[in-house]
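Asker: Quick one: the structure is below, and I'll ask about it shortly.
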Amino acid sequence: MANFEISVAHLYGNLMNTYGDYGNIIALTYYAKQIGVAVNYHLVSLGDDFDADSFDFALFGGGQDYEETIVAKDLKNKADQLRHYIENDGPLLAVCGGFQLLGHYMVMADGTRVDGIGVMDHYTINMHEPKLTTLNNKRLTGNIVIKNNDTDETYHGFENHQGRTFLGKNERALGTVISGNGNNGMDQTEGVIYRNVYGSYFHGPIFTRNGNLAKRVLATALSRKYPEVDWTEKLDQIETETF
Ligand code: GLN
């Protein structure tokens, strides 16, 4: 029986789940189980409240432009609680469309601007934007490898997005692009880290292919809820998988 438990919010999991981003929760659960932690899953979708203080981890997956327009309208109602969650160091993984919508805005392939909730400082322009000096009019698609500059860890993934994201002043990249395109195909950044929020364009999903990151984020979530236990040490004792 598990002695500890965490509550996970899957934001718009029925709409934003490109390439099975839900697999990130499966990966977290896989590691959690081995160290005696139960994971309670909650789908938080259109019309639902997101109560920041009820959750220890949140996943906001990717979606295509159309789904993003639907989610963007509802997301406004959750903006205050999401800001509260993020500013209180709540751990969150935002992938692709989810990553885009936490920022100021994203421009769809057809040129329509969709407002994000601006709880993070990045913005996303579209692939036709004249300011882009490289890879104009092309989707950024394919395998990608990055290196996290804080930890020296290498992460592998698959990207497929038209949007070009540029980070804001309090944001740092999840990693530097070694091969592939990353946030915008220009500045070698991929993804974002802000407080305990990790954003990325990696599908695959990122936690199944990169168990080192999954364990790091799980340790963050558990340490926030149960600070008396050395979770990193516990997780170091179990095998890191690449599925
Ligand atoms: N619609 C966004 C884009 O293409 C996000 C796509 C995704 O989440 N895979 O930029």
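The values are calculated or read from the model by the stated rules, or taken from the named source; none is laboratory data. Just so it is clear, the model here is predicted, and its values are computed rather than measured. Because the Cβ atoms are built from the backbone with ideal geometry, glycine has one as well, and the counts that use them run over all protein chains shown.
Asker: Going by the structure shown, is Val119 surrounded by 17 or more Cβ atoms within 10 Å (Cβ to Cβ) and in contact with an Asp or Glu (Cβ under 8 Å, 6 or more places away or on another chain)?
Answerer: It is false that Val119 is surrounded by 17 or more Cβ atoms within 10 Å (Cβ to Cβ) and in contact with an Asp or Glu (Cβ under 8 Å, 6 or more places away or on another chain).
Asker: Output the number of the condition that Leu75 fails; it satisfies all remaining conditions of (1) part of a loop (DSSP other than H, G, I, E, B); (2) within 16 Å of the ligand (Cβ to nearest atom).
Answerer: Among (1) part of a loop (DSSP other than H, G, I, E, B); (2) within 16 Å of the ligand (Cβ to nearest atom), Leu75 violates only (1).
Asker: Across region 15-30, what is the number of residues that are within 12 Å of the ligand (Cβ to nearest atom) and among the hydrophobic types (A, V, I, L, M, F, W, C)?
Answerer: 2
Asker: Provide a single number: the residues in region 105-135 that are part of a loop (DSSP other than H, G, I, E, B), in contact with a strand residue (DSSP E or B) (Cβ under 7 Å, 6 or more places away or on another chain) and touching a residue at least 40 places away in the same chain (Cβ under 8 Å).
Answerer: So the count comes out to 5.
Asker: Quickly run through region 54-72 and pick out the residues that are assigned to a helix (DSSP H, G or I) and in contact (Cβ under 8 Å) with a residue 12 or more places away in the chain.
Answerer: Within region 54-72, Ser54, Asp65, Glu67, Glu68, Thr69, Ile70, Val71, Ala72 qualify.
Asker: Right, here's the next one. Specify the residue that is surrounded by the fewest Cβ atoms within 10 Å (Cβ to Cβ); the eligible residues are those in region 178-201 that are farther than 27 Å from Glu233 by Cβ and within 11 Å of the chain's Cα centre (by Cα).
Answerer: Out of the qualifying residues, it is Val192.
Asker: When you check Thr141 against the structure, is it surrounded by fewer than 16 Cβ atoms within 10 Å (Cβ to Cβ), under 19 Å from the mean Cα position of the chain (by Cα), of a type outside the set (Gly, Ala, Ser) and within 27 Å of Thr232 (Cα to Cα), yes or no?
Answerer: Spelling it out, it is not the case that Thr141 is surrounded by fewer than 16 Cβ atoms within 10 Å (Cβ to Cβ), under 19 Å from the mean Cα position of the chain (by Cα), of a type outside the set (Gly, Ala, Ser) and within 27 Å of Thr232 (Cα to Cα).
Asker: Scan Phe55, Phe4, Phe50 and give me the residue that is more than 27 Å from Glu241 (Cα to Cα), modelled with pLDDT of 95 or more and among the aromatic types (Phe, Trp, Tyr).
Answerer: Being more than 27 Å from Glu241 (Cα to Cα), modelled with pLDDT of 95 or more and among the aromatic types (Phe, Trp, Tyr) holds for just one of Phe55, Phe4, Phe50, which is Phe50.
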